[in-house]
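Asks: Pasting a structure below so you can have a look.
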Amino acid sequence: MEELKTGSVKPTRPLRYAVGMFGTSIPVNMFKTYAAFFYVDKLGLITTPQYSLILLLYTFLDAIDNPVYGFLSDRTRTKWGRRRPWLIIGAPLLVLCFVLFFNPPAFLAPGSAFSYVLLMYMFTGTLDSLINVNYGALFPELFPTEASRAKTNALRQVFQLVAMIISIALTPVITDAIGFATTAYIYGALAIVVIWFMATGCHENPQAMEQPKPQLLRTILDIASNPKFWIYGITNAAYFGGLALVQSGVAFYTKYHLQVGGMGSTILLGVVILSAIGFIPL
């Protein structure tokens, strides 16, 4: 790939880009951590096997949508850049589906809710992929040097951890007080504001749009033939598989094994997250 010249492009402040991680993390952390607990335990609208089937079906969608969104983003040509239009449009769509997921229609009953939960899970999950593909693609373009990337990534991780404290650790207490529906509205509003604030403050390099548009088949072959992709992909899958099991299971574990309420979940998750923050330097 031809190296892009950045001298004529207004630099993006690392803090402005990094705060976007807070916006992208707030809704998806609540979504992935409490989806099963909300529908299986709290509402009782679907069974555990049904939820497992939803996750299985979503796995196939998730394997496809990331490269497709990346391909479409690379081929985008607008006066606002390649990535920012997807972020501006995708943020409210993601939040809409996220809010609808935690606000199921009143007429849903056990045995008839599976289709609704499946549909909203698919939409919310794939729109999260859309946002993160474009957010991640901005990073190497906006920060071409190793020093700028290290500084920006450190800030980005700080915002991610702050989002985890709120949307994972504090969510049990918040939902006990105001309910899942209202919590989803609040987290969704935060996500839109922060993602739009980040996207409007990023300055894409117009030279990137002068590069040839990628071809779908060639892109797929390049990805599939790269051994480092498979090493990274399998490692990433193993890591996030374990993480997802812990995330989804904590609410059940604290309620049925430890027999504590929302505050107990908050204390447990808060200690875990704060311990992770403390071990980052090591």
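The values are calculated or read from the model by the stated rules, or taken from the named source; none is laboratory data. Keep in mind that this is a model prediction, so the values were computed, not measured. Methodologically, a virtual Cβ is constructed for each residue, glycine included, from the backbone with ideal geometry; neighbour enumeration extends over all protein chains shown.
Asks: Here is a list of conditions, (1) more than 20 Å from L57 (Cα to Cα); (2) surrounded by fewer than 16 Cβ atoms within 10 Å (Cβ to Cβ), and N134 meets all of them except one; can you say which number that is?
Replies: (2)
Asks: So, one more: Identify, please: which residue in region 167-192 is closer than 21 Å to I267 by Cβ, surrounded by fewer than 18 Cβ atoms within 10 Å (Cβ to Cβ) and β-branched (V, I, T) and is, among those, modelled with the highest pLDDT?
Replies: I178
Asks: If you check L221, L269, L282, L217, which single one turns out to be part of a helix (DSSP H, G or I) and over 28 Å from W86 (Cα atoms)?
Replies: Numbers: L221 fails: over 28 Å from W86 (Cα atoms); L282 fails: part of a helix (DSSP H, G or I); L217 fails: over 28 Å from W86 (Cα atoms).
So the residue among L221, L269, L282, L217 that is part of a helix (DSSP H, G or I) and over 28 Å from W86 (Cα atoms) is L269.
Asks: So is E146 crowded, with 16+ Cβ neighbours inside 10 Å, of a type in the set (D, E, K, R) and closer than 19 Å to N205 by Cα or not?
Replies: no
Asks: Here are Q259, Q247: which of them is over 25 Å from L138 (Cα atoms) and at pLDDT 85 or above?
Replies: Q259 is the lone residue from the list that is over 25 Å from L138 (Cα atoms) and at pLDDT 85 or above.
Asks: Tell me whether region 196-204 contains one or more residues that are among the hydroxyl-bearing types (S, T, Y) and closer than 27 Å to V250 by Cβ.
Replies: Step one: filter region 196-204 for residues among the hydroxyl-bearing types (S, T, Y), giving 200.
Keeping just the survivors that are closer than 27 Å to V250 by Cβ gives none.
Within region 196-204 (the criterion being among the hydroxyl-bearing types (S, T, Y) and closer than 27 Å to V250 by Cβ), the answer is no, since none of the residues qualifies.
Residue-wise test of (1) without any contact (Cβ under 8 Å) to a residue 24 or more places away in the chain; (2) at positive phi; (3) assigned to a helix (DSSP H, G or I); (4) within 20 Å of the chain's Cα centre (by Cα).
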position	(1), (2), (3), (4)
T78	yes, no, no, no
A91	no, no, yes, yes
P110	no, no, no, no
V117	no, no, yes, yes
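Asks: When you scan region 72-91, how many residues do you find that are in contact with a helix residue (DSSP H, G or I) (Cβ under 7 Å, 6 or more places away or on another chain) and buried (at least 18 other Cβ atoms within 10 Å of the Cβ)?
Replies: Residues flagged as in contact with a helix residue (DSSP H, G or I) (Cβ under 7 Å, 6 or more places away or on another chain) and buried (at least 18 other Cβ atoms within 10 Å of the Cβ) within region 72-91 amount to 8.
Asks: Would you call I267 surrounded by 12 or more Cβ atoms within 10 Å (Cβ to Cβ) and at pLDDT below 85?
Replies: No: the conditions fail for I267.
Asks: Against the condition small (G, A, S) and closer than 27 Å to G20 by Cα, how does G188 come out, does it pass?
Replies: In short, yes.
Asks: Can you spot a residue in region 95-103 that is out of contact with any Cys (no Cβ under 9 Å at 6 or more places or on another chain), within 21 Å of E204 (Cα to Cα) and in a helix (DSSP H, G or I)?
Replies: No, there is no match, as no residue in region 95-103 is out of contact with any Cys (no Cβ under 9 Å at 6 or more places or on another chain), within 21 Å of E204 (Cα to Cα) and in a helix (DSSP H, G or I).
Asks: Which of the residues belonging to region 210-228 are more than 26 Å from the chain's Cα centre (by Cα) and either surrounded by 12 or more Cβ atoms within 10 Å (Cβ to Cβ) or under 27 Å from A63 (Cβ atoms) (or both)?
Replies: The answer is Q211, P212, K213, Q215, L217, R218, L221, S225.
Asks: For Y51, are the conditions met, namely being crowded, with 23+ Cβ neighbours inside 10 Å, assigned to a helix (DSSP H, G or I) and either of a type in the set (F, W, Y) or touching a Cys at 6+ places or on another chain (Cβ under 6 Å) (or both)?
Replies: no
Asks: Can you go through I273, I220, I192 and tell me which one is aliphatic (A, V, I, L, M) and more than 26 Å from F102 (Cβ to Cβ)?
Replies: Only one candidate passes the filter, namely I220.
Asks: Next question, about the same structure. Among the residues of region 229-251, is there at least one that is surrounded by 14 or more Cβ atoms within 10 Å (Cβ to Cβ), without any contact (Cβ under 8 Å) to a residue 24 or more places away in the chain and part of a helix (DSSP H, G or I)?
Replies: yes
Asks: Given the options F114, F107, F123, name the one that is surrounded by fewer than 19 Cβ atoms within 10 Å (Cβ to Cβ) and under 20 Å from I88 (Cα atoms).
Replies: On inspection, the qualifying residue turns out to be F123.
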